[in-house]
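Reviewing the structure listed below.
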Amino acid sequence: MLVAWNYHYRNSPMDHIDPRARWIFSFAFLFAVTQTWNPLLLAGLFAIALVWYAMGRVSWKDARRGWLLISFMLFSMIVVNTIITGGGAGGVVPPGGQLVWPDGFSLFGRHLTYGLTVERLWFAISQLMRILGISLLFILIPYTMDSRAYGATFSKLGLPDRLAYTMELAFRFIPSLARNLAVTLDAQKARGFELEKVRGGLIKKIARIAPLLIPLTMNAILSSEDIANAMDLRGFGQRKRTWLFALQYHWWDWVLIAFSVVLLVGVTVLVHALGMGGFAVPAWFYTFFAG
Amino acid sequence: MEEKKSIWKFGTREVVYAAIGAALYAVLTYALNFLQLPGTGNVTMRPAIVIPMFFGIAFGPIVGFIAGFVGNILADLLSGYGFWFWWDLGNGIVGLLPGLFSALIVNYRAGKSILLAELSVILGSGLGMGLASVSERWVSGADWNTVLVANFLPAFLTDIANGLVLLPLLMVAFAAVINRSGRG
């Protein structure tokens, strides 16, 4: 089995931004956007997310798999829950409102009535801006951040060395564990094990994974003893760790960090001090359904 | 006589176990993504969720948490799904809670130990997937019905099914490994 990271260098603006500044901005955006349903603020934040995504220069072909998952999530959350079933908007959209089709509509010669309100429709658009905005930022990470950078980044952001190194080590184990998985799978197939043809109910399906899962896990645990011993012999954890992957802030990283702080503080003030966080439908949106 | 284990220790061995657990969880999730729940459109079975549960039971709550939290991040990075903090945290809790029971478990083959582990699976999955699902209230603006039916129940039920079936098998196999290698 081939397990490969999705990252490759594209010489995009994103490749030149320090990973620490990127994480700080991403989290500032996340905490800012989840505070508000205000249409103006959401539209502004969504525009920022679009610019950010464009800076990654990630092609559709590269990110297609991730976007398919997000499309499914958006469809079930917004189309099914908010628009079709009328759920998903509780607690934010007040009850009642103006019907989109007050007299019903005709479909295939039949007259239908449907309780979709303008408010719920706008809420669906707001949800789209919010979730898509978050997705635009975070889906970019696997494609534009070097996997060698994670340990050093989180260490420099203040995570204890042991935790940061755990993350670094986990990245390094992935290729060898993927190879072990392929070897184990081949060995079990030689004994008649058929993972692809697992039939039956849920419990039977789960239990059929055991011949693959157990040897792989036990082998991994046994081999980790040698790794731990080797690390102890080299004095792991005796002093502050240095990282092979060098990180260096540039002036534009500081600008981005300052912008992240302004963004988060600005949205927080607008929402909590000036009361701009609430859900509202812009007046112009009602004109589409006026008559 | 049963000896007491320190469940909060995080030395070199725990660093390696946590990293191995996270990488295993990520690789297995990535490799077994094609296994769909019978009768559902796009809900995967994710049997790999047993890895953070087992690492929690075997090596403590910190190892279990990291195996779930970092493993879920790595699995999403491998699959190109991005970064979903609350679901990563939820997966971490699925590993952390069984870890809190690890001090009570000395003989991994004993019926009482397996029962305790099964209980920890239910509590961990409930708390972890509960937190991740509830996060959709403030992240996506979902209502309680959506949180419960679309987010919590599919994740919780598949997690406990995987945990209840696979965790005892891993524990018994681990007991054999301990006996054979003279550890423990």
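The values are calculated or read from the model by the stated rules, or taken from the named source; none is laboratory data. Owing to the predicted nature of the structure, the values given are computational and were not obtained by experimental measurement. FYI the Cβ positions are ideal-geometry reconstructions off the backbone, even for glycines, and counts take in every protein chain you see.
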Inset, instruction - Please give the number of the condition residue A:195 fails out of (1) within 9 Å of another protein chain (Cβ to nearest Cβ); (2) farther than 21 Å from residue B:170 by Cα; (3) part of a loop (DSSP other than H, G, I, E, B); (4) not aromatic (Phe, Trp, Tyr). - result: (2)
Inset, instruction - Answer with yes or no whether residue B:126 is surrounded by 20 or more Cβ atoms within 10 Å (Cβ to Cβ), small (Gly, Ala, Ser) and more than 10 Å from chain A (Cβ to nearest Cβ). - result: no
Inset, instruction - Pairs only if they're at least six apart or on different chains, beta carbon under 9 angstrom, first in segment A:157-173 and facing chain B (nearest Cβ under 8 Å) and crowded, with 18+ Cβ neighbours inside 10 Å, second among the charged types (D, E, K, R) and assigned to a helix (DSSP H, G or I); list them, first residue then second. - result: A:162/B:14; A:166/B:14
Legend entry - Whichever residue in segment B:129-184 is under 25 Å from residue A:221 (Cα atoms) and in a loop (DSSP other than H, G, I, E, B) and, among such residues, is nearest to the other protein chains (Cβ to nearest Cβ): B:183
Legend entry - Qualifying positions in segment A:29-70 - in a helix (DSSP H, G or I), within 17 Å of residue A:122 (Cα to Cα) and among the aromatic types (Phe, Trp, Tyr): A:46
Legend entry - All positions within segment A:198-229 that are basic (Lys, Arg) and facing chain B (nearest Cβ under 7 Å): A:205
Inset, instruction - Consider residue A:236 carefully, then state whether it is touching a Ser or Thr at 6+ places or on another chain (Cβ under 9 Å) and either within 22 Å of residue B:11 (Cα to Cα) or modelled with pLDDT under 85 (or both). - result: yes
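Do we have any residue at all in segment A:141-148 that's under 30 Å from residue A:13 (Cα atoms), more than 10 Å from chain B (Cβ to nearest Cβ) and assigned to a loop (DSSP other than H, G, I, E, B)?
Yes, some residue in segment A:141-148 is under 30 Å from residue A:13 (Cα atoms), more than 10 Å from chain B (Cβ to nearest Cβ) and assigned to a loop (DSSP other than H, G, I, E, B).
Quick check on my filter: what residues within segment A:92-124 are hydroxyl-bearing (Ser, Thr, Tyr) and either within 33 Å of the chain's Cα centre (by Cα) or not assigned by TED's automatic domain parsing to the domain that holds residue A:34 (or both)?
The answer is A:117, and nothing else.
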Inset, instruction - Could you grab the pairs with beta carbons closer than 7 Å, sequence gap of 6+ or different chains, first residue in segment B:110-130 and more than 20 Å from residue B:172 (Cα to Cα), second one assigned to a helix (DSSP H, G or I) and of a type in the set (Val, Ile, Thr)? - result: B:124/B:93; B:124/B:94; B:125/B:94; B:125/B:160; B:127/B:93; B:128/B:93; B:128/B:94
